[in-house]
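The values are calculated or read from the model by the stated rules, or taken from the named source; none is laboratory data. Source: prediction; values computed, not measured. Don't worry about glycine lacking a Cβ; one is built from the backbone with ideal geometry, like all the others, and counts go over all protein chains shown.
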Amino acid sequence: MPAHAFEEPAITSFVSQYALFLAEAVTLVLAAVALVATLGAFARRKARQTGEIKVTDVNRQLEAAGDRIEAARLPKKALKNLLKRRKAERKALQHAEAGPYSYLLDFKGDIRASAFVALREEITAILQVAKPGDTVLLRLESPGGMVNRYGLAAAQLLRLRDAKLPLTVMVDSVAASGGYLMAVTADKIVASPFALVGSIGVISQIPNFHRWLQARDIDWEQFTAGQYKRTVTVFGENTEAGRAKLREELEEIHARFREFVHERRQLDIDKVATGEAWLGSRALELGLVDELGTSDEVIRAACKQGRVLQVSYQRKLTLPERVRMSAQAAWDGIWQPPSPLG
């Protein structure tokens with residue numbers, strides 16, 4: 001009897017066992033994914049419940065910093081008298097009628113404007129208690145990012161204007177593109193002399209691996225319904241018609257960006273909406289900002305006029321959220337959707 005007559009059942013048995021092993025492995029992986037997703041959803045719900053608004057008295061912070069220096073340079077008796085006077089002033093302030101407040105916010109932007117989640121909560125909290133005469137100070141640092149996300153962040157700031165709360169935006173480092181889209185919602189923009197400001201333009205860039213796949217005889221198939229459901233793709237072959245449509249969309253976004261800026265700041269929009277970013281001193285000449293200065297100067301001046309309360313919404317990120325944000329940051333470095341970045 002030929003030897004191979006005994007080998008065929010053995011091979012069949014091996015294939016069956018291997019297929020069974022793969023099925024079990026896939027089942028375990030899917031179960032693990034489902035478990036992680038369930039735990040992640042539960043953790044996100046719990047995190048939303050535990051997020052909270054924190055308030056810091058900036059006047060007290062500055063006083064405490066000064067007192068520490070005074071402690072090092074004043075004689076013991078003089079220091080004791082100073083601290084006693086400070087205590088009396090604070091006590092009198094507690095019993096005095098509350099005057100106008102300034103609310104200090106921070107926004108550090110990434111490509112997805114992730115900080116808008118906290119900004120929304122902070123503004124909602126302020127609107128609950130703000131009274132006529134109160135103001136809002138925003139320390140803004142952002143090079144820009146996704147159009148829809150920064151548009152939503154700007155819309156949050158417009159809630160302050162609708163409530164007649166004067167808004168001052170302070171730019172120490174950069175407010176470009178989406179960052180500047182947010183900045184123009186303010187009644188006043190203060191920038192440091194070497195801050196980068198402007199970049200009123202739109203960019204979209206995407207890698208394309210079509211030729212790499214083609215060289216390896218790998219097909220990429222994509223199915224869409226709607227002529228312009230997908231204009232350009234990462235793995236498929238891009239067409240001139242698709243590229244033209246994407247350019248058309250970018251021009252439309254840029255036109256709306258220009259209008260948004262021009263509605264809020266009367267300047268030569270053709271001169272500044274070129275995608276360029278300028279240093280603060282040049283931005284002042286072009287009308288992109290109103291004053292030169294640092295956020296420290298603005299905040300200290302506000303403390304001299306009244307109470308400044310720093311408002312921040314804080315919650316601990318869950319493990320799935322941290323993993324997702326890390327993965328998203330890596331992807332953002334490769335693929336940039338239509339955005340006012342650069």
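How many residues are touching a helix residue (DSSP H, G or I) at 6+ places or on another chain (Cβ under 7 Å) and not aliphatic (A, V, I, L, M) if we restrict to the stretch 213-257?
7
Any residue in the stretch 125-151 that's buried (at least 19 other Cβ atoms within 10 Å of the Cβ): show its pairings with residues that are among the acidic types (Asp, Glu) and in a strand (DSSP E or B) at Cβ separation under 7 Å, as long as the two are six or more apart or on different chains.
If the second residue must be among the acidic types (Asp, Glu) and in a strand (DSSP E or B), the pairs left are Arg139/Asp106.
Kindly indicate whether Gln214 is loosely packed, with under 15 Cβ neighbours inside 10 Å and either in contact (Cβ under 8 Å) with a residue 24 or more places away in the chain or touching a Lys or Arg at 6+ places or on another chain (Cβ under 6 Å) (or both). Quick ask: steps written out before the conclusion?
Numbers: loosely packed, with under 15 Cβ neighbours inside 10 Å: yes; either in contact (Cβ under 8 Å) with a residue 24 or more places away in the chain or touching a Lys or Arg at 6+ places or on another chain (Cβ under 6 Å) (or both): no.
Criteria not met by Gln214.
Can you tell me how many residues in the stretch 271-318 are within 23 Å of Ile126 (Cβ to Cβ) and part of a helix (DSSP H, G or I)?
Adding up the residues that qualify gives 11.
Any residue at all in the stretch 165-175 that is touching a residue at least 40 places away in the same chain (Cβ under 8 Å) and surrounded by fewer than 17 Cβ atoms within 10 Å (Cβ to Cβ)?
no
Looking at the stretch 243-263, can you tell me whether even one residue there is in a loop (DSSP other than H, G, I, E, B) and within 31 Å of the chain's Cα centre (by Cα)?
Looking through the stretch 243-263, none of the residues is in a loop (DSSP other than H, G, I, E, B) and within 31 Å of the chain's Cα centre (by Cα).
With respect to Arg324, determine if the residue is among the basic types (Lys, Arg), in the same structural domain as Glu249 (by TED's automatic domain parsing) and at pLDDT below 70. Break it down stepwise before answering.
Details: among the basic types (Lys, Arg): yes; in the same structural domain as Glu249 (by TED's automatic domain parsing): yes; at pLDDT below 70: yes.
For Arg324, the condition - among the basic types (Lys, Arg), in the same structural domain as Glu249 (by TED's automatic domain parsing) and at pLDDT below 70 - is met.
Do we find that Ala186 is surrounded by 15 or more Cβ atoms within 10 Å (Cβ to Cβ), in contact with a strand residue (DSSP E or B) (Cβ under 7 Å, 6 or more places away or on another chain), of a type outside the set (Asp, Glu) and in a loop (DSSP other than H, G, I, E, B) in this structure?
yes
Suppose the filter is of a type in the set (D, E, K, R) and at pLDDT 95 or above; does Lys108 pass it?
Numbers: of a type in the set (D, E, K, R): yes; at pLDDT 95 or above: yes.
For Lys108, the condition - of a type in the set (D, E, K, R) and at pLDDT 95 or above - is met.
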